[in-house]
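Structure, as structure tokens:
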Amino acid sequence: MSMPHVLLGLLTPRAMHGYELKLVHDERLPGARPLHFGQVYSTLNRLERDGLVAEAGHDRASGPERTAYAVTDEGREALASWLERVEPPAPHLSNVLLAKVVITLLIHDEAAARRQLAAQRAAHLARVRALTAFQSAEHTPVAHVLAADLALSHLDADLRWMRTAADRVTELRREVRS
């Protein structure tokens with residue numbers, strides 16, 4: 001998963017400081033590995049250095065001063081490019097897929113999330129066809145057939161998840177936007 005892109009997506013609706021960003025990440029992306037505060041701040045520093053976020057104000061409500069960050073136009077372009085890019089089918093892809101669906105619903109609409117899932121499904125089905133043809137080839141070593149079986153099992157699980165996600169897009173959008 002591309003942490004810089006996920007943070008850009010979470011910052012797109014509104015400016016946030018690092019502490020809040022970490023909390024929103026952990027809440028909005030259940031099942032994803034929780035972020036460490038150091039990871040959030042180091043990623044924000046790199047995003048700022050690269051011109052993808054900019055300081056949007058300071059808050060000193062309680063405790064130390066906190067800097068809020070907002071996404072720049074360049075950051076929006078980088079995020080849009082990441083969201084449009086189809087992930088190469090691989091095991092354990094669902095976390096990246098979930099992050100993309102959640103971020104898409106935060107900044108776009110249900111139709112965009114459904115298009116994204118449909119494009120990903122097409123990529124997965126193409127990989128399934130290629131692996132099935134590979135397994136059927138004459139003289140394919142058994143170890144290679146078993147490796148293809150494992151990959152096909154992961155792809156099948158991802159395809160089932162995508163179908164479930166598409167069925168729940170409306171419900172997820174309400175939850176993400178609350």
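About its Cα centre, segment 76-178 has a charge dipole of approximately 300 debye under the convention of +1 per Lys or Arg Cβ and -1 per Asp or Glu Cβ, with nothing else charged. On C-alpha positions alone, give me the angle between the axis of helix 73-84 and the longest principal axis of the chain, in degrees, nearest 10. So the inclination is approximately 20 degrees. What 222 nm value per residue comes from the helices of the chain, counting each DSSP H run with n ≥ 4 as -39,500 (n - 2.57) and dividing by all residues, nearest 500 deg cm²/dmol? Dividing the helical sum by the residues of the chain leaves -22000 deg cm²/dmol.
Whole angstrom only: what separates the Cα centroid of segment 121-140 from the Cα centroid of segment 22-89? Rounded to whole Å, the Cα centres lie 38 Å apart.
Once the Cα atoms are used to define both axes, helix 18-28 deviates from the longest principal axis of the chain by about 40 degrees. Comparing Leu98, Leu79, Leu150 in a Gaussian network model of the chain where C-alpha atoms under 10 Å apart are linked, the largest mean-square fluctuation is found at Leu150.
With a ≥ b ≥ c the root eigenvalues of the C-alpha gyration tensor of segment 131-178, is it rounded (a/c under 1.5), prolate (a/b larger than b/c) or oblate? Prolate, since a/c reaches 1.5 and a/b exceeds b/c.
In a reduced charge model with +1 at each Lys and Arg Cβ and -1 at each Asp and Glu Cβ, the chain shows a dipole moment near 280 debye about its Cα centre.
Values quoted throughout were computed directly from the atomic coordinates according to the rules given, and no laboratory measurement underlies them. The structure displayed is predicted, hence computed values, not measured ones. Note: ideal-geometry Cβ built from the backbone for every residue, glycine included; neighbour counts use all protein chains shown.
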